[in-house]
1. Which chymotrypsin sites (Phe, Trp or Tyr not before Pro) in region 180-278 pass both tests, a DSSP loop state and at most 13 other beta-carbon atoms within 10 Å?
2. Measure off 7 Å from each Cα along the Cα-to-Cβ vector at L196 and D212, then give the distance between these two points in nanometres to one decimal.
3. Please say if region 277-330 is rounded, prolate or oblate, where rounded means a/c under 1.5 for a ≥ b ≥ c the square roots of the C-alpha gyration tensor eigenvalues, and otherwise the choice is prolate for a/b larger than b/c and oblate otherwise?
4. By its C-alpha gyration tensor, with a ≥ b ≥ c as the square roots of the eigenvalues, how is the chain shaped: rounded for a/c under 1.5, else prolate for a/b larger than b/c, else oblate?
5. Mind scanning K232/K302; K227/K302; K190/K227; K28/K232; K232/K270 and naming the pairs with a C-alpha gap bigger than 23 Å?
6. Just the accessible area per residue of the chain, please: how many Å² with a 1.4 Å probe?
7. With both partners inside the chain, how many of the DSSP beta bridges are antiparallel, as a percent to the nearest 5?
8. Rounded if a/c is under 1.5, else prolate if a/b beats b/c, else oblate: with a ≥ b ≥ c from the C-alpha gyration tensor eigenvalues square-rooted, which is region 211-293?
Amino acid sequence: MNGYLAISIRGTGRALPSRVLTNADFEKMVDTSDEWIRTRTGILERRIVSDGQSTLTLAVDAARDALADAGMAATDLDLIICATITPEYPFPATACFMQEQLGVPDIPAYDISAACSGFVYALISAAHFIHHGTYRNVLVVGAECMSRFTDYTDRGTCILFGDGAGAAVIGPAEREDQGMYYCHMGADGKGAATILCPGGGARTPASRETVDQRLHSLKMNGREVYKFAVTKMQQVIHDAMVAQGLAADDIAMIIPHQSNLRIIESAREKLGLPAEKVFVNIDRYGNMSGASVPVALDEVRKSGVVGAGQWVLLVAFGAGLTWASALIRT
Ligand code: ACO
């Protein structure tokens, strides 16, 4: 999708649980090693919720942080979109609980389920609403409690995931050059079964058997997803840069979904991008699905490496299979 959307990022925030799960912790849980995890994924540690924390608590904390950063009150919001595949309950939407906790009655609130691409999907939706004047200030959140949907006996998946939430308050552009200049969303349902939580839905409702068979946690064909991701990440970055006629030097920062350092590095090397222009925090947080991009966005903004008028490219892919990108001039 090409076409300018007149928006600005007013504020960003994040919430990360304080509890840390290291690779050494996994060595005691499953047949793995720090060396295998580091070299195959780039992950050193991830954050995991404690009792009393959940997708909702992280989402609300990140939202409050973003509102404070924007210098806005929750009552300034016109819409809340929460991207999550680990919702507080199967229904209703986690965003509705957020709306209640933030104290903004009556404004619309809904969830988007697009896994690791969820925040970028939500951001693109918000940008269209704002550009066309439907809503003015939109809270976009990516929040996940992956640990509650992880099988800690499956070494092929459990070492990958972490919990967290990131948020952004999006509003109309404040300068003429500010905005989302290019965005793209895609999905390939043929790959829907490659990353799946098989139990607990309408097809296979929860039962004693589904619990015994560990069907309430994420199952993934890692090799298939890897092949898809390594091609898609590179293609999506390339397409966004070509669409806007940008070279590597023109972009201040690419913020990719953090699923595997090898996937990020492969795309970076094939596109000839310097390491300092591709943001990485997977070593500290693992893969937080829909929370990875907004947490990274918040870290980038608050580190001050991206100034006003510079280009930032958000890129994500994940279960669905889905992918998305958004090229923003800050
Ligand atoms: N420790 C040690 N050995 C392991 C581990 C582990 N934690 N996990 C798997 N292995 C073994 C396998 O059993 C296999 O052994 P074998 O050769 O004897 O059969 C060997 O390591 C290689 O397994 P692969 O699956 O081929 O390992 P790979 O190098 O592909 O790495 C990984 C696995 C990290 C999961 C990788 O495939 C990957 O990152 N895939 C993409 C994941 C992703 O991007 N997901 C995206 C979205 S998630 C979402 O949307 C919610």
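The values are calculated or read from the model by the stated rules, or taken from the named source; none is laboratory data. Worth saying up front: this structure is predicted, and the values here are computed from it rather than measured. Positions of Cβ are backbone-derived with ideal geometry, glycine not excepted, and every protein chain shown enters the neighbour counts. The protein model used for the area step is the full one, side chains on, heavy atoms only, and it has no ligands, DNA or RNA in it. Shrake-Rupley method; radii C 1.70, N 1.55, O 1.52, S 1.80 Å.
1. Values: sites: Y181, Y182, Y226, F228; in loops: none.
Filter output for region 180-278: empty list.
2. 2.1 nm
3. On the way: a/c = 2.72, a/b = 1.37, b/c = 1.98.
Note, shape of region 277-330 comes out oblate.
4. Oblate is the answer for the chain, as a/c is 1.5 or above yet b/c matches or exceeds a/b.
5. Details: K232/K302 28 Å; K227/K302 33 Å; K190/K227 14 Å; K28/K232 35 Å; K232/K270 12 Å.
Listed pairs above 23 Å: K232/K302; K227/K302; K28/K232.
6. Details: 13610 Å² over 330 residues.
For the chain, the per-residue accessible area is 41 Å².
7. Details: 39 of 55 bridges.
Among the beta bridges of the chain, antiparallel pairing accounts for roughly 70 percent.
8. On the way: a/c = 2.66, a/b = 2.06, b/c = 1.29.
Verdict is prolate for region 211-293.
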